[in-house]
1. If each of Val268 and Phe201 carries a label point 7 Å out from its Cα toward its Cβ, how far apart are those two points in nm?
2. Filter the trypsin sites (Lys or Arg not before Pro) in the stretch 133-164 to those in DSSP coil with at most 14 other Cβ atoms within 10 Å of their Cβ, and list the result.
3. Counting other Cβ atoms within 10 Å, which trypsin sites (Lys or Arg not before Pro) in the stretch 283-368 have at most 10 and lie in a DSSP loop?
4. Using a 10 Å cut-off on Cβ atoms, rank the peptides 184-191, 353-360 from the highest mean neighbour count down.
Amino acid sequence: MERKEAKLAQKRLYHASYLKAYEDQLQKEGDVEANLLLEDKREKFQKQEEKYLKKAQKQDYRNKNRVWEIDLIRAIVIFAMLIEHLFFDFAEMFPLIFSSAYLDVPFFKTMYDFSCAYWAHPARIALRFVGLLCLAILIGINTRFSKNNFKRALLLFGFGLLMSGVFALGSALGFTGHAYMNILVTYGLCLLIYSGLEALFKKRSGKYWAWICLGIAVVLLVSWGFIRYANLRENVADKYNNFWFIYNGYAGSIPNVYDIKNASFGDVMKVIVGLSYSGDDWLCFVPTLGYLFLGAFIGHTVYKDGKSLLHYFDKEGEMTLNEKFNRSTKGFLLFGHHTLWFYLLHQVVYIVLMLFIAGLCMGIPLGV
């Protein structure tokens, strides 16, 4: 807030000097309406200052009251996703360009080879599932802090449908793979179901709502565990080694429904539930909903008072640890504050930059 106040002081100094110069100019010209014009300018500047101060106070309140550890985990997950998708673009999006078929640049060839090895590595697959699980739980936790969960659900679901449409168009033109039940669609649909149940039961159940969320989570996750275990293709030993079966379907262990348009109703239901997968960005529904309700339980119990867990270590008379950590890591926490926009826009930026750099390296005139 100190920096905001300093900037406001600079604004006021500029406005005062401008008004003085403006007043001298009006008097020099002998304008009969000088006082009215000067008062109009003064009111305009005062409204600008009040608007800036109100905005600064609102931002400062948000920064102080954001829960640092939640933003940090979300920022780590999104940052890891940005790195992963960068490798995906090198390995899968433009393989002919970066594999030296067209672009003979050692750095890009090295990146291509590394990206191919990284993308197929079991550790990456496991970490991806951990990241998706964390996001599902965090979305559930944030239901405690959100003023309108239904609005958030519609936003996620709407952008998910938009992405599905873009991928469907790209798939029809031969540029990208299809993406049905993508991450945003699944998260948005789960949050819509949570919002509906919250509207029906929270006011009536009151303090028991958190435990209702836990009960729903246990039923969904236990049921999913039995269903997923029974439908895995691996042998018994692999069922225990591949721990991620408790969340999502490993691509090699469940069928792929390539032609979703001509699939039967049963195949579509398997894709939704998670017994089959379809698309590059597919995320199954049942365990995601279970982990979201688990996150809601955590949010309404652990964060019942809406405070960061760091407040237990605060010292009287000093800045809270939550505020201190928010200030010291605010650059990195941008990934956690604006998760949705990073998710929606990063691939556009990647693709434009990669094509631009590849075009320059291949000597294609790009108007620069």
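Coordinate-derived values only; no laboratory data. Computed from a predicted model, the values in this text were never measured in an experiment. Counting neighbours? That spans all protein chains shown, and the Cβs are built from the backbone with ideal geometry, glycine included.
1. 2.8 nm
2. Values: sites: Arg144, Lys147, Lys151, Arg152; in loops: Arg144, Lys147.
Those that pass, being in a loop and sparsely packed, are Lys147.
3. Of the trypsin sites (Lys or Arg not before Pro), the ones in loops of the stretch 283-368 whose Cβ has at most 10 other Cβ atoms within 10 Å are Lys315.
4. The most tightly packed comes first, giving 184-191, 353-360.
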